[in-house]
2 protein chains.
Amino acid sequence: MKGRKYMDPTKYWMWYPGDFSIHQGMQQNFAREERGMGWPAYWYIDDCNRNVKFTRSYQLDQPTEFTVYAHGVGYVDINGVKHQLGKTLHCDSGENVITIFVGNPQGLPCVFVDGEIIKSDGGWEASNFVSSLPAGHDPLFTTKTQNPNMIEFQKKAIKPKKITEVQAGVLFDFGRAVNGRLKLNLHHKKAVTICYGESKTEALDVQMCYYKQEAVDKETPIRKRAFRYIFIPDAKQRDVDVTAVHEYIPKNNRSVFRSDQQLINRIWDVSTETLNLCSDIFFIDGIKRDRWIWAGDAYQANFINQYSFFNEDIDKRTLLTLRGQDDIKQHINTIVDYSMLWVIGVLNHYEMTGDIDFLKIVYPKMKSMVDYFMRQTNDKGFIYGRPNDWIFVDWSEMDKQGTVAAEQALLIQVYKTMVTCGSVLKQPINDYQKRHDQLLDNFIAYFWSDSKGAFIDSYESGKNHVTRHANIFAILFDLVDDDKKQLILKNVLLNDKVTQITTPYFKFFEQDALCKLGLRDNVYKVILDYWGGMLDKGAVTFWEEYDPTKSGKDMYEMYGDPYGKSLCHAWGASPIYLLGRYFVGLYPTRPGYREFNVEPKLKQFRTLHTVLPIKGGEVTLDKDGDRLSVTASKDGGSLIVGSNEYPLVAGRELSVQIG
Amino acid sequence: MKGRKYMDPTKYWMWYPGDFSIHQGMQQNFAREERGMGWPAYWYIDDCNRNVKFTRSYQLDQPTEFTVYAHGVGYVDINGVKHQLGKTLHCDSGENVITIFVGNPQGLPCVFVDGEIIKSDGGWEASNFVSSLPAGHDPLFTTKTQNPNMIEFQKKAIKPKKITEVQAGVLFDFGRAVNGRLKLNLHHKKAVTICYGESKTEALDVQMCYYKQEAVDKETPIRKRAFRYIFIPDAKQRDVDVTAVHEYIPKNNRSVFRSDQQLINRIWDVSTETLNLCSDIFFIDGIKRDRWIWAGDAYQANFINQYSFFNEDIDKRTLLTLRGQDDIKQHINTIVDYSMLWVIGVLNHYEMTGDIDFLKIVYPKMKSMVDYFMRQTNDKGFIYGRPNDWIFVDWSEMDKQGTVAAEQALLIQVYKTMVTCGSVLKQPINDYQKRHDQLLDNFIAYFWSDSKGAFIDSYESGKNHVTRHANIFAILFDLVDDDKKQLILKNVLLNDKVTQITTPYFKFFEQDALCKLGLRDNVYKVILDYWGGMLDKGAVTFWEEYDPTKSGKDMYEMYGDPYGKSLCHAWGASPIYLLGRYFVGLYPTRPGYREFNVEPKLKQFRTLHTVLPIKGGEVTLDKDGDRLSVTASKDGGSLIVGSNEYPLVAGRELSVQIG
């Protein structure tokens, strides 16, 4: 068995851990555009370190040579003697201590060490002259000619599917959502206006479409934008050819879902397309708008990713950029609950991947984040908002007087996360456990209303107002016993008198909670109606929000903007998670799927062929009437059917007869 | 009288306060070069904020228009409606709230507001989404076509004074120190090697000269470097013409010193040239090496600047960049005493300028810096070094066991600074006063040795070792009564058994202390010998260090490098301060020279004509034998001659007969 640290055949660009994600994430949060204006995110934004050194010592059996490539200014120190970057350098046998200094005034300081023995694989420490940690790297950057300051997107030329002359102009329908640059070939025109639309309605609205570029001639650089339709007013079809060059980072889509339910199959595929588009380097909320990295959206995207691409890199980059540099200046995206979802998201990432190396890098940042929470808790352990903190939870009406129930539910799960992750790393966890227990007790003592049989928003206001949110979190995080769960189901989730969840963001949590309580039939109906409804309206990706009562132009309005709605929004892909987690019933029972269950509940499907990813492998399940066959590519799985549990052996198909 | 905030005719580029200096200072600290290698400073380096917003509200009597120029992406919000940058925007009369958002992923986010009424003068607040402060600006950037990311140096072409064919090559002597780029005109050569030298010896040392550029042809970009000599090996004079393009930021040199002592006059002029070269945007240590911004060097440069250029902007920029962003990650330049000199330096800047606006911006950063010190004090109030803290003081041998005397002396002065500056801003100062008093008591109780009649380095070691450093600080900061001062003078400063100060850095403090104790004659001799000695060696600027016992190639060696010594080093200019402060005897007695004394001690000069700057004016002094004439351009001055004190009236010459 080869030693991972020293024998890894791959060389990669190295940086101070987190810096690549923080630097790229900063640029992502500056990438929003609206009607000719750049719209930087409205919060404090970190950048990478400017000045970094990389150190490693080698005990050499023989002399060797190497070359250091860098982006930035600096030098290579070998045993106290300075050498130039980019030159072939020599080390004699014996102990050699190598330190590479690199400063980059504008971009990411990073180095690539190219040699037979001395090379940038594992084992290098990076320091910003304050802290020293294992150097960061990314599988996207593994050759010396690359520059980690430039993302190398794959490009795919896409021709319009349909071209129509309309409104004294030409409408191009690409038949799919494109995130890229337009190429124009002007035949009879000097310059034209380009109107973009995720919908036809938007593209044709020359006045109000979200993206528009005017006076575009052959030379005009055209910026990367997301669209399905292009409208060129005041032109004929013969005047102009357009090609869209879609830009993307290829991902390995490891999931398949093919059943006799054609609508569900299409929902699965469009969900996959939606998440795929919203996740190149990071999980962003939407490709047209905001293009920002929101912790709440990313938290949900992580769950969906687990059942589709199982792309750990996007997860890690997103977690690192959201948290930023060590010093905490404000809550993530300014939102207290998003900071807490970030911590909880690390737990989900760990359970999905079992990645202890990542946990080691991120744990100090979790700890300082939780310290930050603890500084805003009161004597009962309840977290409260300070001036400039946004206690968001959701857009719903909620009684936010004093401390708020949903925030406490999240904080309980935060402490649980610290206990779990801290234990893995053998860190002290007693304080977190104590705070967890105290907060859980007080949460129930103060926020549970026996008369309502539910959690109330606020105990300080005296209004005893019930919303769904804290109750949903209580289910998801197992904060209450089965009796209270059933009370919540009856008094809240299935109680139409309690204001409905109106945002797809919280709808995700609600569907998750309903499935957890066994109400898959209800959820299945929602999938067909809500997601099926969007397909009926011609959706090629799933939307930020769908209201079946709206039609025509009204469908696209949001936040007071006629085209404010994003028609390709990451959380729109949630059916993948709901189907994978609760219908196919696949989930890890030990981190990184060292052990996992397949617990299918597939009565809605007569036939199904599905492949779902697990860490380091995949699970294939086929249903054909009463016959169920399951194959896992690695050991550790159990098939659970009714009260029976069957162990799965790597690569061996297990077939059972079902009810 | 016009209201300063609203009527200032100047418009300027604005940024988050401190950001311009922090961003440029970062680049300055990356500007070092040695033998083809970039050498970034070896400490944590901050950069500017990436995402900033600027806000101001106007109550308009009439409609008005304005345009916002920015470096970065963003938009202008007028009363909640977004508008594009770079377009003419309209405001109706009445209340108008304007917020400009700008993010810059690589450089300094900054804006210029161009309008009749709505414009970037005073009154704008800048926020990094965490803190909000009056926007920063700089007199260098006042027109909309500028970019504060680019320093616009003035350029001056300089032809070689002397060209010699030597060592089978051509030597060009420019007769002065140049900091700029070389222009080559190659006649008979395809490509040449350029060897640079501050000295002829260095330029001719093709192997070891500090800067060298090889294979330079007509197209090769030549980097900005500091030099007096250029040697082109393997060439004849007819092969190549060279011109040096010196780059500089013009400063107003308000000082003159013309006496019957020609050597002193030359020392004054060469000092002025030296400081001038070492201070474009910031006070750097030297123009060849390090080109970094060191707090100790800058502290001294500030004192010299006060008597020459009186350039407040360089002072402010240097103080802001040294301190960096709010969060403190380590001591300035990693040195504990340099962090303390930074705080004390703000006091000197305030006493020199009386600039309360600057004090308001910098005081929160002084406070957090002092909090940082207090976290590393023990129960006696003594500051100690932690791992990775550098307790420098000076390069001399010193007993650094436990807490060190010189550091305590600085901390006492730090507390005094906080009391003074805090009082000006009406901030609470009791805690600083209490700590000051306790520390001063303990400093004397523990570090004063009655048997030595001096401060010892360390009381913990039991060695009772005396060095000059703490004793010098005790004089400079008035930490002891006159009896102890005289003991220090006798037992330390004039005691050859106490190890001599060997660095010019601490020599500055020593000469200052000697002058303070009235030993001007000794100091005058030092000026003639030490600085005069350098002139004898052909110096055109003053050196980092001068040892009269060395000659030839040895003169240029330092830090183990044959050309490691900087021959144009800011602290080399200290005669300006010593002559201005103690011989001409000019000093403020109230901040910003609202009151000031001229207390001449000029027995070494039979005739003298000198002009020295004060805040908002200047003082002219003429001595001709027994006749002394003094004119101050503003009120508040007193001429002190012997026991007589004469008030100075603005613009009116006062003549007195002297002994």
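Proximity of backbone amide H atoms, modeled 1.01 Å from N, is registered between B:Val240 and B:His187 at under 5 Å, excluding neighbours fewer than 5 places apart on the same chain.
Checking the cross-link filter: which aspartates and glutamates have an alpha carbon closer than 19 Å to that of A:Lys251, excluding same-chain neighbours under 8 positions apart? Output for A:Lys251: A:Asp138, A:Glu152, A:Asp269, A:Glu273, A:Asp280, A:Asp285, A:Glu312, A:Asp313, A:Asp315, A:Glu618. For the stretch B:375-417, the set of chymotrypsin sites (Phe, Trp or Tyr not before Pro) satisfying both a DSSP loop assignment and a count of at most 12 other C-beta atoms within 10 Å is given as B:Trp395. For the stretch B:324-363, the Cβ-based charge dipole about the Cα centre amounts to some 80 debye (Lys, Arg positive; Asp, Glu negative; other atoms uncharged). Multiplying the residue separation of B:Ser655 and B:Thr145 by 0.36 nm and subtracting their alpha-carbon distance yields 178.5 nm.
Take every pair of alpha-carbon atoms less than 8 Å apart whose residues are at least six positions apart; their mean separation over the length of chain A yields a relative contact order of 12 percent. Around the amide H of A:Leu639, modelled in the peptide plane, lie the amide H atoms of A:Val598, A:Tyr646, A:Leu648, all under 5 Å away and 5 or more residues distant in sequence or on another chain. Here is the list for the stretch A:559-606: chymotrypsin sites (Phe, Trp or Tyr not before Pro) lying in DSSP coil, each with at most 15 other C-beta atoms within 10 angstrom of its C-beta, are A:Tyr559. Within 10 Å of the Cβ of each residue in A:325-337, the mean number of Cβ atoms contributed by other protein chains is 2. Across the copies of the chain, B:Asn185 has label points (7 Å from Cα along Cα→Cβ) spaced 5.1 nm apart, shortest distance listed first. Please check which bits of the stretch A:179-197 a label hung off A:Asp241 would reach, taking the label as a point 7 Å along Cα-to-C-beta and the cut-off as backbone N under 15 Å. Output list for this probe position: A:183-189.
Round to a whole angstrom and tell me the spacing of the C-alpha centers of the stretch A:515-560 and the stretch B:268-310. The distance from the Cα centre of the stretch A:515-560 to that of the stretch B:268-310 comes to 68 Å. Couplings 3J(HN,Hα) of the stretch A:609-617, computed from phi: 10, 9, 10, 10, x, 10, 4, x, x Hz, in residue order, whole Hz [Karplus 6.51 cos²θ - 1.76 cosθ + 1.60, θ = phi - 60°; x for Gly and Pro]. In sequence order, the stretch A:565-575 has phi-based couplings of 6, 8, 9, 9, 10, 3, 5, x, 7, 4, x Hz under the Karplus curve 6.51 cos²θ - 1.76 cosθ + 1.60, θ = phi - 60°, and Gly or Pro positions carry x.
The charge dipole of chain B, taken about its Cα centre with unit charges on the Cβ atoms of Lys, Arg (+1), Asp and Glu (-1) only, comes to about 1160 debye.
Legend: residue pairs B:Lys380/B:Lys490; B:Lys400/B:Lys550; B:Lys161/B:Lys236, Cα-Cα distance threshold 27 Å; pairs beyond threshold, B:Lys380/B:Lys490; B:Lys400/B:Lys550. One chain, two ends: B:Asp536 and B:Ala157. Fully extended at 0.36 nm per residue, the span grows by 133.7 nm beyond their Cα-Cα distance.
Taking Lys and Arg as +1 and Asp and Glu as -1, the other residues whose beta-carbon sits under 14 Å from that of B:Tyr363 total +2. Simple spin-label estimate for B:Asp313 and B:Ser396 gives 3.9 nm between the two label positions (7 Å along the Cα-to-Cβ direction from each Cα). Inter-copy label distances for B:Leu654: 10.2 nm (label point placed 7 Å from Cα along Cα→Cβ; shortest first). Take A:Asp481, push a point 7 Å out from Cα through the beta-carbon direction, and compare it with the same point in every other copy: 7.8 nm, smallest first.
Simple spin-label estimate for A:Asp441 and B:Asp481 gives 6.2 nm between the two label positions (7 Å along the Cα-to-Cβ direction from each Cα). The amide H of B:Ile45, built 1.01 Å from its N in the peptide plane, has A:Arg50, A:Asn51 as neighbours under 5 Å, considering only residues 5 or more places off or on other chains.
Which FRET efficiency value, to the nearest 0.05, do you get for A:Thr503 and A:Lys553 by plugging their Cβ-Cβ distance into 1/(1 + (r/R0)^6) with R0 = 22 Å? Rounded to the nearest 0.05, the efficiency is 0.55. The trypsin sites (Lys or Arg not before Pro) of the stretch A:433-472 meeting both criteria, a DSSP state outside H, G, I, E and B (loop) and at most 12 other C-beta atoms within 10 angstrom of the site's C-beta, are A:Lys463. Centre-to-centre, using Cα atoms only, the stretch A:32-96 and the stretch B:174-229 are separated by 28 Å.
Calculate, for B:Ser451 and A:Lys490, the FRET efficiency according to 1/(1 + (r/R0)^6) with r their C-beta to C-beta distance and R0 60 Å; round to the nearest 0.05. That gives a FRET efficiency of 0.10. Converting phi to 3J(HN,Hα) with the Karplus coefficients 6.51, -1.76 and 1.60 and the offset θ = phi - 60°, the stretch B:532-548 yields x, x, 5, 4, 4, 7, x, 5, 9, 9, 8, 8, 5, 7, 9, 10, x Hz in sequence order, with x at every glycine or proline.
With a Förster radius of 45 Å applied to the beta-carbon distance between A:Met208 and B:Asp61, the computed FRET efficiency rounds to 0.85.
All of the numbers you see were taken from the coordinates with simple rules; none came from a lab. Everything numeric in this text was worked out from a predicted model, so none of it was measured. Backbone-built Cβ (ideal geometry, glycine too); neighbour counts: all protein chains shown.
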